[in-house]
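Take a look at the structure set out below.
The values are calculated or read from the model by the stated rules, or taken from the named source; none is laboratory data. This one's a predicted model, so the numbers in the text were calculated from it and none came from an experiment. Positions of Cβ are backbone-derived with ideal geometry, glycine not excepted, and every protein chain shown enters the neighbour counts. Side chains included, ligands, DNA and RNA excluded: accessible areas come from the protein's heavy atoms. Shrake-Rupley method; radii C 1.70, N 1.55, O 1.52, S 1.80 Å.
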Amino acid sequence: MKVRPDYQLRRNSFGRLELTDADGETHDGVVPVRAFPITAADDGLALVDPYGHELAWIDRLDDLPDDLRQLLESELAGREFMPVIERIVSVGSFATPSTWEVDTDRGRTTFVLKGEEDIRRLAAPALLIADSHGIQFLIRDRRALDQHSRRILDRFL
């Protein structure tokens with residue numbers, strides 16, 4: 001059931017989110033933050049001010065009216081950059097640091113894995129890989145990768 005919240009959210013003339021609460025107070029520079037960005041991306045979303053203070057809580061993104069949901073999804077897409085690895089093409093070496101060439105949902109890329117500790121296990125069977133620049137790459141289901149990719153990944157796990 002879609003419910004109109006007791007606040008208004010819009011982009012100001014500078015393209016930043018602006019929240020006007022039920023008391024009529026306007027907060028500029030509002031940022032949406034997912035509570036569980038990987039395991040439950042559409043459940044639990046906070047709207048925070050530039051100082052990190054929570055202004056509003058959204059239980060489910062789908063419960064919002066379409067215009068508000070689309071505004072928040074647009075803002076989140078602009079802030080969140082987490083390519084999903086679909087295939088591991090090659091690695092420079094099985095010792096770290098090593099250069100990985102991967103196919104992602106955003107195209108082919110290469111990155112440097114500094115150490116095995118930069119591969120984090122999430123809720124099974126997902127993995128999160130951080131490159132040397134801090135970019136996070138997601139593997140949603142390592143069992144769904146092709147055999148070549150799984151074999152390479154197993155050498156680092």
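So the values come out like this:
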quantity: Positive-pole candidate from L72, L61, A130, dipole of the stretch 39-157, charges at beta carbon; calculated: A130
quantity: Which of R143, R150 is most accessible, then next, and so on - probe 1.4 Å; calculated: R143, R150
quantity: Neighbourhood net charge (13 Å Cβ-Cβ; Lys/Arg +1, Asp/Glu -1) for R16; calculated: -1
quantity: Rounded to whole Å, sorted largest first: equivalent-ellipsoid semi-axes of the stretch 24-157, Cα gyration tensor; calculated: 35, 15, 13
quantity: Dipole in debye (nearest 20) - the chain, about Cα centre, beta carbon charges: Lys, Arg +1; Asp, Glu -1; calculated: 900
quantity: Helical contribution to [θ] at 222 nm, DSSP H n ≥ 4, -39,500 (n - 2.57), averaged over the chain, rounded to 500; calculated: -4500 deg cm²/dmol
quantity: Sum of side-chain charges, L47 neighbourhood, beta-carbon under 12 Å (Lys, Arg +1; Asp, Glu -1); calculated: -4
quantity: In Å², nearest 10: area of H148 left accessible to a 1.4 Å probe; calculated: 80
quantity: Rg/Rh ratio calculated on Cα atoms of the stretch 1-91 (Kirkwood radius); calculated: 1.05
quantity: Rounded to the nearest 20 debye, dipole of the stretch 87-153 from Cβ charges on Lys, Arg, Asp, Glu; calculated: 200
quantity: Computed P(r) (all Cα pairs; the stretch 15-55; 10 Å bins; percent); calculated: 30, 45, 23, 2
quantity: Rg ratio (alpha-carbon, reference 2.2 N^0.38 Å) - the stretch 39-116; calculated: 1.56
quantity: Accessible surface ranking that places the most exposed of V33, V48 first, with a 1.4 angstrom probe; calculated: V33, V48
quantity: Per-q log10 I(q)/I(0), the stretch 86-157, q = 0.12, 0.14, 0.15, 0.16 Å⁻¹ (Debye; single scatterer per alpha-carbon; no solvent); calculated: -0.26, -0.36, -0.41, -0.48
quantity: Pair T96, R155: separation of 7 Å Cα→Cβ label points (nm); calculated: 1.5
quantity: Protein-only accessible surface order, largest first, of D23, D141 at 1.4 Å; calculated: D23, D141
